[in-house]
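The values are calculated or read from the model by the stated rules, or taken from the named source; none is laboratory data. Fair warning: this is a prediction, and the values are worked out from it, not measured in the lab. Here the Cβ positions follow ideal geometry from the backbone for every residue, glycine too, while neighbour counts run over all protein chains shown.
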Amino acid sequence: MDRERDSHQRELLEHILLPVAHEEDARKTVELLEPYNPEQVTALHVVEKGRGVPDKTPVEQSEDLAEESYAAVRRVFPDADEHTAYARDVVGAIFDAAEELNASAIAYRPRDGNRIMQFLSGDLSLKLVTKSERPVIVLPQTETDA
């Protein structure tokens, strides 16, 4: 039984897609993922496009955020790949990237936010864990995250 569980665990951790928002988020997320020792990690940064309005941040600034995030991931996982997506729907972009890259699972760290922010954002975490067609690993929050 343990051998079967170990086999499933190895499969689950074969290729992790790791959505990151910015450098600090990437740093905290990889610290939580590191003990699980995934075989392959691909860091994903989604540049949120505006819906009929100007983008939230200029594309160049968003790409700089992505590069800083990828650098933070590589401090822990030096061989990590990177993937940048440009989309209006962040969760949809995560799912699309996971499929395109054939990730075995999506791992993420829940971000703080009050109920109003969760309502306004459509609760991205809820969508991520309930709508995914592949496993989603919710990394445990630390005392500093709560």
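Within the stretch 69-110, restricting attention to residues that are closer than 11 Å to residue 43 by Cα and aromatic (Phe, Trp, Tyr), which residue is surrounded by the fewest Cβ atoms within 10 Å (Cβ to Cβ)?
77
Any chance the stretch 119-130 includes a residue that's over 15 Å from the mean Cα position of the chain (by Cα), on the phi < 0 side of the Ramachandran plot, surrounded by 15 or more Cβ atoms within 10 Å (Cβ to Cβ) and modelled with pLDDT under 90?
yes
Mind counting the residues in the stretch 56-84 that are assigned to a loop (DSSP other than H, G, I, E, B) and at pLDDT 95 or above?
Result for the stretch 56-84: 4.
Residue 113 - would you say it is more than 12 Å from the chain's Cα centre (by Cα), farther than 21 Å from residue 23 by Cβ and modelled with pLDDT under 90?
Against the criterion (more than 12 Å from the chain's Cα centre (by Cα), farther than 21 Å from residue 23 by Cβ and modelled with pLDDT under 90), residue 113 does not qualify.
For residue 95, work out the one condition from (1) modelled with pLDDT of 95 or more; (2) outside any loop (DSSP other than H, G, I, E, B); (3) out of contact with any helix residue (DSSP H, G or I) (no Cβ under 9 Å at 6 or more places or on another chain); (4) not hydroxyl-bearing (Ser, Thr, Tyr) it doesn't fulfil.
The failed condition is (3).
Name, by its number, the condition in (1) under 17 Å from residue 136 (Cα atoms); (2) hydrophobic (A, V, I, L, M, F, W, C); (3) at pLDDT below 95 that does not hold for residue 18.
(3)
Kindly indicate the residue of the stretch 60-97 that is in contact with a strand residue (DSSP E or B) (Cβ under 7 Å, 6 or more places away or on another chain) and of a type in the set (S, T, N, Q) and also nearest to residue 31 (Cα to Cα) among those meeting that condition.
Out of the qualifying residues, it is 69.
Just for the stretch 30-47: of the residues that are closer than 21 Å to residue 99 by Cα, crowded, with 18+ Cβ neighbours inside 10 Å and of a type outside the set (Gly, Ala, Ser), which one is modelled with the lowest pLDDT?
47
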